[in-house]
Amino acid sequence: MNTPVLLFLLNPFLGVVQAFKHFRQDWAKNSIWLFVIFYGFTMFRPEAMDSSRYVSRLQILYEAPLSWDIFLANFYSEEGNAVDLYQPLVTYLLSLFTNSGNVLFAVFGITYGYFYSRNLWLLLDWAKNRRVNRTMWILLISFAFIIGFWELNGVRMWTAAHMFFYGAYQFIINKKKNGLIVALLTPLVHYSFVLPVGLLVLYTFVKIPWRILYFVFLASFSISELNIASVRETLTNIAPEFLVPRINSYTSDQYIETIAEGPVANWYILYYLKAVGWVIFVMISFIYFTSQDQVKRNKSFSHFFGFTMLFLSAGNVMSMVPSGGRYLTIAQLFALALIFLFYMIFESRNYHHYLTLMSPLLAFFIIISVRVSFETVTFVTILANPLIAAFIDVPIPLISLLK
């Protein structure tokens, strides 16, 4: 029996600890993959979260099955309400056999965990022949937590996010054409990835000068107000017809008011993502003003840097629209990877110094991210194993320790 499977059967969370301890071993990434699947099986799914809605849909389909023809009619049509393929198809197929939400999210965890674990090792592979230090681990954990494994709750958006990062990274850094294919498939997982895919295609065929990209990024970072009506009009003019109803719903005055009237978050929830934003702004500015000649000699990193600035600019603009902040989160995934890669590839004492000064902000982000994960991570997730979890379904979240 191989190591990941043995650790999984013993305790999947222990497998995570051992995976990072032995990250240079080929088996390590698979322990993370198996843990995400186990998390999906044992996660807490409160009624207010997306996961509860997907489980309800599974149970409805199980009790009142749809024919295949009727199911297909829901896609990409005025009469239907499905604008992406992955989640509805998996839910429909599983409803033929089970109404278990645990099984549903374990299956979702297969795809999510695969790309999540592979993305971590796209970065960790750079450290296999190097001495690791605290700064490297802070960067890596920040990358792992910007769209953490607990975001499986929003399976459509965040599965697509990790798929897109994997595909774009392989295409830009490793020059693998199949990476572009993976990225192009992401709108089938969440329709909104038409925008990131469009940016990737644009950057591939239109070489935008760094000076323009940086100052667009700088301007977008400084934006304080946005005319939502003009954004809605622009998006509806360029989007495919089947996406127009969704764009209108996410930019409508009623939706904006609903978001504004939502519960007020604690101060640390408001600022922990801003802390990451400031780290990204400072470190990208440092690279731009001090290392252009050095970076431009590394073509792959140079292209990754340019695309990241373009994506961050779009993300900053879209974050002014309700729910548009998700694009900025995905762009920050690229930015943290960029900061990590620069740290690994280039020798710059001043860069290391600046990054050390920024580390407390990243540590703050990591601490609050762990707190956020407690909303859905259960005691069973951490303490049990698949054999126990199959018979004991007690989804008590860790957050109950703090309340």
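Note on region 266-403: percent of Cα-Cα distances in each 10 Å bin, starting at 0 and stopping at the bin with the largest distance, equals 10, 32, 27, 19, 10, 2. Averaging Cα coordinates gives a centre for region 96-138 and one for region 12-47; these two points are 7 Å apart.
Cross-link pairs exceeding 31 Å between alpha carbons, from the set Lys21/Lys296; Lys29/Lys207; Lys176/Lys296; Lys29/Lys299; Lys176/Lys274: Lys21/Lys296; Lys29/Lys207; Lys176/Lys274. Across every direction, the projection of the convex hull enclosing the Cα atoms of region 349-403 has a mean area of 5.4 nm².
What shape does region 304-379 have by the C-alpha gyration tensor, where a ≥ b ≥ c are the square roots of the eigenvalues, rounded means a/c under 1.5, and otherwise prolate means a/b greater than b/c and oblate the rest?
oblate
Per residue, region 300-403 exposes an accessible area of 39 Å² to a 1.4 Å probe, with every protein chain left in place. Each part gets one Cα centre, and for region 344-403 versus region 269-283 those centres are 17 Å apart.
Of the solvent-accessible surface of the chain, computed with a 1.4 Å probe and all protein chains present, 62% belongs to carbon and sulfur. Would you mind counting up the charge near Trp27? Only other residues with Cβ under 15 Å from its Cβ, with Lys and Arg at +1 and Asp and Glu at -1. Counting the neighbours of Trp27, the net charge comes to +3. When shorter helices are ignored and each DSSP H run of at least 4 residues is given -39500 (n - 2.57), the per-residue value for the chain at 222 nm works out to -22000 deg cm²/dmol. Each Lys or Arg adds one and each Asp or Glu takes one away; over the other residues whose Cβ falls under 14 Å from the Cβ of Phe105, this sums to +1. Sites listed here are trypsin sites (Lys or Arg not before Pro) in region 295-338 whose DSSP assignment is loop and whose Cβ has at most 12 other Cβ atoms within 10 Å: Arg297.
When each full DSSP H helix of the chain is screened for a Cα extent of at least 27 Å along its own axis and an average Kyte-Doolittle hydropathy of at least 1.0, the helices passing are 267-290, 325-345. The calculated FRET efficiency for Asp69 paired with Ser302, based on their beta-carbon distance and R0 = 45 Å, is about 0.35. P(r) tail, the chain: Cα-Cα pairs separated by more than 39 Å, 17% of all pairs. Where a ≥ b ≥ c are the square roots of the eigenvalues of the C-alpha gyration tensor, would you call region 324-366 rounded, which needs a/c under 1.5, or, failing that, prolate if a/b is larger than b/c, or oblate? In terms of gyration-tensor shape, oblate.
Please label the shape of region 1-140 as rounded, prolate or oblate, based on the square roots a ≥ b ≥ c of the eigenvalues of the alpha-carbon gyration tensor (a/c under 1.5 means rounded; beyond that, a/b larger than b/c means prolate, else oblate).
Prolate, because a/c is 1.5 or more and a/b exceeds b/c.
The values are calculated or read from the model by the stated rules, or taken from the named source; none is laboratory data. Bear in mind that the values here come from a model prediction, so they are computed numbers and not experimental data. Backbone-built Cβ (ideal geometry, glycine too); neighbour counts: all protein chains shown. For the accessible areas, the whole protein counts, side chains as well, though only heavy atoms, and no ligand, DNA or RNA atoms are used. Shrake-Rupley method; radii C 1.70, N 1.55, O 1.52, S 1.80 Å.
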